[in-house]
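Enquirer: First the structure, then my questions, so here it is.
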Amino acid sequence: MEKLLEILRNLLDGEPVDIEHRVNQHGINIATGRAYLAHDGIIFTRMCWDNDTHGFGTCQCQSHNLWRDYQIDTKELLFLIYKLIKDELEQTKESAKAEKALTRLINELS
């Protein structure tokens, strides 16, 4: 709930919020989607998912922009935020599981 409030507060303060991420071929987590409030509604910016600039593929983005803006409604924004929070929680759980397994292994070896 805190994360949701933080994201909404940042949007209302006029700050863009990275709400979609992908890990590129080099293992770096890159923001591929950003939302912000504009005078005419909520804008979601999606980066080309095959762009070479951020290490995703070979696209040089010469025949199109590196990113594309879409106007989305509140329901779509909340769904994207929900996915972001869910993914972050899953990563936290996986990290905790890995840490427990490593601790167990170390204890067994000692």
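What follows draws every value from the coordinates through simple rules; no lab data is involved. What you see is a predicted model, and the numbers here were worked out from it, not measured in a lab. Glycine gets a Cβ as well: all are built from the backbone with ideal geometry, and neighbour counts include every protein chain shown.
Enquirer: Report, by residue number, each residue of the stretch 22-39 that is hydrophobic (A, V, I, L, M, F, W, C) and part of a strand (DSSP E or B). Lay out the reasoning, then the answer.
Expert: Pass one, the stretch 22-39, residues hydrophobic (A, V, I, L, M, F, W, C): 23, 28, 30-31, 35, 37-38.
Listed by number, the residues that qualify are V23, I30, A31, A35, L37, A38.
Enquirer: Check whether at least one residue in the stretch 72-94 is at positive phi and out of contact with any Leu (no Cβ under 7 Å at 6 or more places or on another chain), and report yes or no.
Expert: no
Enquirer: Yes or no: T58 without any contact (Cβ under 8 Å) to a residue 40 or more places away in the chain, within 27 Å of Q25 (Cβ to Cβ) and of a type in the set (V, I, T)?
Expert: Against the criterion (without any contact (Cβ under 8 Å) to a residue 40 or more places away in the chain, within 27 Å of Q25 (Cβ to Cβ) and of a type in the set (V, I, T)), T58 qualifies.
Enquirer: Considering only residues that are aliphatic (A, V, I, L, M) and surrounded by fewer than 13 Cβ atoms within 10 Å (Cβ to Cβ), which ones fall in the stretch 22-39? Write out each step before concluding.
Expert: First, the residues of the stretch 22-39 that are aliphatic (A, V, I, L, M): 23, 28, 30-31, 35, 37-38.
Of everything in the stretch 22-39, those that are aliphatic (A, V, I, L, M) and surrounded by fewer than 13 Cβ atoms within 10 Å (Cβ to Cβ) turn out to be V23, I28, A38.
Enquirer: Quick check: is even one residue across the stretch 47-68 in contact with a Phe, Trp or Tyr (Cβ under 6 Å, 6 or more places away or on another chain), surrounded by 13 or more Cβ atoms within 10 Å (Cβ to Cβ), at negative phi and not in a loop (DSSP other than H, G, I, E, B)?
Expert: yes
Enquirer: Got at least one residue in the stretch 89-100 being surrounded by 13 or more Cβ atoms within 10 Å (Cβ to Cβ) and either charged (D, E, K, R) or within 29 Å of N51 (Cβ to Cβ) (or both)?
Expert: Taking the stretch 89-100 first, the residues surrounded by 13 or more Cβ atoms within 10 Å (Cβ to Cβ) are none.
Checked against the condition, which is being surrounded by 13 or more Cβ atoms within 10 Å (Cβ to Cβ) and either charged (D, E, K, R) or within 29 Å of N51 (Cβ to Cβ) (or both), the stretch 89-100 yields no hits at all.
Enquirer: Could you tell me which numbered condition L80 fails, if it satisfies all but one of (1) farther than 16 Å from L11 by Cα; (2) touching a residue at least 40 places away in the same chain (Cβ under 8 Å)?
Expert: Unmet condition: (1).
Enquirer: Turning to a different aspect of this structure: If only one of I42, I7, I19 is surrounded by 13 or more Cβ atoms within 10 Å (Cβ to Cβ), in a helix (DSSP H, G or I) and in contact with a helix residue (DSSP H, G or I) (Cβ under 6 Å, 6 or more places away or on another chain), which one is it? First the steps, then the outcome.
Expert: Details: I42 fails: in a helix (DSSP H, G or I); I19 fails: in a helix (DSSP H, G or I).
So the residue among I42, I7, I19 that is surrounded by 13 or more Cβ atoms within 10 Å (Cβ to Cβ), in a helix (DSSP H, G or I) and in contact with a helix residue (DSSP H, G or I) (Cβ under 6 Å, 6 or more places away or on another chain) is I7.
Enquirer: Filter the stretch 74-88 down to residues that are aliphatic (A, V, I, L, M) and touching a helix residue (DSSP H, G or I) at 6+ places or on another chain (Cβ under 9 Å) and give me whichever is surrounded by the fewest Cβ atoms within 10 Å (Cβ to Cβ).
Expert: L78
Enquirer: Go through the stretch 1-46 residue by residue and tally those that are in contact with a Phe, Trp or Tyr (Cβ under 6 Å, 6 or more places away or on another chain) and β-branched (V, I, T).
Expert: Qualifying residue count, the stretch 1-46: 2.
Enquirer: Of all residues being of a type outside the set (D, E, K, R) and in contact (Cβ under 8 Å) with a residue 40 or more places away in the chain in the stretch 83-102, which is nearest to G33 (Cα to Cα)? Just the residue, please. So that I can check it myself, show each step before the final result.
Expert: Initially, the stretch 83-102 is screened for residues of a type outside the set (D, E, K, R), giving 84-85, 89, 91-92, 95-96, 98, 101-102.
With in contact (Cβ under 8 Å) with a residue 40 or more places away in the chain added as a condition, the list becomes 84-85.
Values: L84: 11, I85: 14 Å.
Applying the filter and picking the extreme gives L84.
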